[in-house]
1. Percent of alpha carbon pairs in the chain separated by more than 28 Å?
2. Quick check on the chain: helices-only [θ] at 222 nm, where DSSP H runs of length 4 and up contribute -39,500 (n - 2.57) each and the sum goes over total residues. Nearest 500, please.
3. Specify whether the C-alpha gyration tensor of the range 68-140 places it in the rounded, prolate or oblate class, a ≥ b ≥ c being the square roots of the eigenvalues: rounded for a/c under 1.5, otherwise prolate if a/b is larger than b/c and oblate if not.
4. So, taking all protein chains as they sit and a 1.4 Å probe, how much accessible area belongs to Val40, in Å² rounded to tens?
5. Among 130-138, 65-73, what's the highest-first ranking by average C-beta atoms within 10 angstrom per residue?
6. State the number of lysine pairs found in the chain whose Cα atoms come within less than 29 Å, restricting to pairs 8 or more positions apart or on distinct chains.
7. Going by Cα centres, the range 102-140 and the range 13-35 are how many Å apart?
8. Relative to the longest principal axis of the C-alpha atoms of the chain, give the angle of the C-alpha long axis of helix 13-25, reported between 0 and 90° and rounded to the nearest 10°.
Amino acid sequence: VGDLIHAQSGLSSDVKKKFSEWLKGINCEVHLILGNHDGVLLKDLPHEWPLYVHQEGLLIESFYFSHIPKRHPQCFVWSGHLHPKVVISDKYDRLVLRCFQIFADLAIIPAFGFFVGGSIVKKSAECKIYAIVDDEIIEI
């Protein structure tokens, strides 16, 4: 849901090679909903990458995919942009974890890169938080 490559420096030859290999190894279509960091990099993406590029969003059955979190009148929305993180702390320690923020009709997914900022979110009556901890996803 956007921001495939977060900065020009991230589009290295090694990244291009590994992503090309990944694209060759999967057996499905890959759709890119442009994020706020993708526009300037779009011209530098290898033309042989079989990506379906969408400027605004993508509707697939009962799901709408959008870079910017915004509600859709008839669909559950998967979005990015905010890069949610949750803080778990006590008197002695503080841990910041990437997380999924899930509302009844909207999900905001975390950044999957480690050098990307994010917005600190909290669990509430309106949303659930699922943190990424090592190789697991746990509900907070």
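1. 24 percent
2. About -3000 deg cm²/dmol.
3. Note, shape of the range 68-140 comes out prolate.
4. Here the residue's solvent-accessible area equals roughly 100 Å².
5. Ranking, from highest mean packing down: 65-73, 130-138.
6. 18
7. Taking the Cα centre of each part, the range 102-140 and the range 13-35 sit 24 Å apart.
8. 90 degrees
The values are calculated or read from the model by the stated rules, or taken from the named source; none is laboratory data. All values derive from a computational prediction rather than experimental measurement. All Cβ positions, even for glycine, are placed from backbone atoms using ideal geometry, and neighbour counts span all protein chains on display. Protein only, heavy atoms only, side chains kept; ligands, DNA and RNA dropped before computing areas. Shrake-Rupley method; radii C 1.70, N 1.55, O 1.52, S 1.80 Å.
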